[in-house]
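Engineer: Just passing along the structure, written as structure tokens.
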Amino acid sequence: MDSYDDQGGKAGPPPGVGISGLSFRYQVVAAVSLAVIGLLACGHVAMVFLHVAPSNTLTKQYGKAVDGWVYPEFEQNWKLFAPNPLQQNIAVEVRAETEAGGSARRTSAWIDLSAEDGAAIQGNVLPSHVDQNELRRGWDFFVGSHDDQNRPNGLRGQLSESYIRRIVMLRLADHDLGGPVVRIQVRSATTAVSSPPWSTEKISTRPSYRVYPWWTVDATDLPGGVRNGRAEAHR
């Protein structure tokens, strides 16, 4: 049935909506963009699937490429559903050695980075994904790729070390340490979760520490915009 406008003339077709309402050039741009996004999404799903799948021919042949894509941002962690869920609070702490002027150096007190994340999350209806997961997941990756003597296990260990160093330097940029950072040292403080009031189980809540060696800071440890490092300070 034909439709007519206010003057009695036959009305034209309704204006297009969505992509169809764009000019041909922008339709092509939109189509290509959607195709690229779709390919990236499919590639990401495939990488994560291979990462969590049992060992097979593809993972044996392309394992390094899969790990390079997944770690550390997209690591899959199923500890919540493990037979023995974690019953510990693990805090990541750092202290820095700074140049206080001339050749004098000063070592800061231990700074609890995990407590800072907790303070940012508490009472926040929409907490940042960075505050919730960046340090926590990065530390899991770091610890899992180092041996009992705190030595990195191959490429993954070196990658996790670099990742933690950059996170630490990014967090230290918010602190007034009295001078450029020369070295940093990290440690974890592990505290058992106390038993509930109705339980008779006795659990020690004294923290135990795992301390890592000092790291000398260089330009590769400084994320964009961070100027508290020695390399930036000397430019």
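Engineer: Could you give the length gained on full extension between residue 73 and residue 24, defined as 0.36 nm per residue of separation minus the Cα-Cα distance, in nm? Write out the running numbers ahead of the final one.
Structural biologist: Details: separation 49, 0.36 × 49 = 17.64 nm, distance 3.79 nm.
Difference between extended and current length: 13.8 nm.
Engineer: Right, another one. In a shell of Cβ-Cβ distance under 13 Å around residue 156, excluding residue 156 itself, what net charge do Lys and Arg (+1) and Asp and Glu (-1) give?
Structural biologist: Values: positive: 64, 151; negative: 67, 75, 140, 147, 161.
Surrounding charge for residue 156 is -3.
Engineer: For a test of the definition: using alpha carbon positions, the gyration tensor, and the 1.5 limit on a/c, classify segment 96-148 as rounded, prolate or oblate.
Structural biologist: On the way: a/c = 3.49, a/b = 1.49, b/c = 2.34.
It is oblate, given that a/c is not under 1.5 and a/b is not larger than b/c.
Engineer: Cα gyration tensor of segment 87-181, axes a ≥ b ≥ c as square roots of the eigenvalues: rounded (a/c below 1.5), prolate (a/b > b/c) or oblate? Kindly include the intermediate steps, with their values, before the conclusion.
Structural biologist: Values: a/c = 2.11, a/b = 1.13, b/c = 1.87.
Oblate, since a/c reaches 1.5 and b/c is not below a/b.
Engineer: Further, regarding this structure: For a label point 7 Å from the Cα of residue 187 along Cα→C-beta, name the residues of segment 106-142 whose backbone N is under 18 Å from it.
Structural biologist: Within reach of a label on residue 187: 106-116.
Engineer: Taking 25 Å as R0, compute the FRET efficiency from the Cβ-Cβ separation of residue 130 and residue 48 and round it to 0.05. Don't jump to the answer; show the numbers that get you there.
Structural biologist: Values: r = 20 Å, r/R0 = 0.81.
With a Förster radius of 25 Å, E is 0.75.
Engineer: Further, regarding this structure: Express in whole angstrom the spacing between the alpha-carbon centres of segment 151-174 and segment 182-216.
Structural biologist: Their Cα centres are 20 Å away from one another.
Engineer: Within 10 Å of each candidate Cβ there may be at most 16 other Cβ atoms; applying that plus a DSSP loop requirement, which GluC sites (Glu not before Pro) in segment 113-213 survive?
Structural biologist: Numbers: sites: 116, 134, 161, 201; in loops: 201.
The qualifying sites are 201.
Here, each number is a calculation from the coordinates, and none is a lab measurement. Quantities reported herein were computed from a predicted structural model and do not represent experimental measurements. Note: ideal-geometry Cβ built from the backbone for every residue, glycine included; neighbour counts use all protein chains shown.
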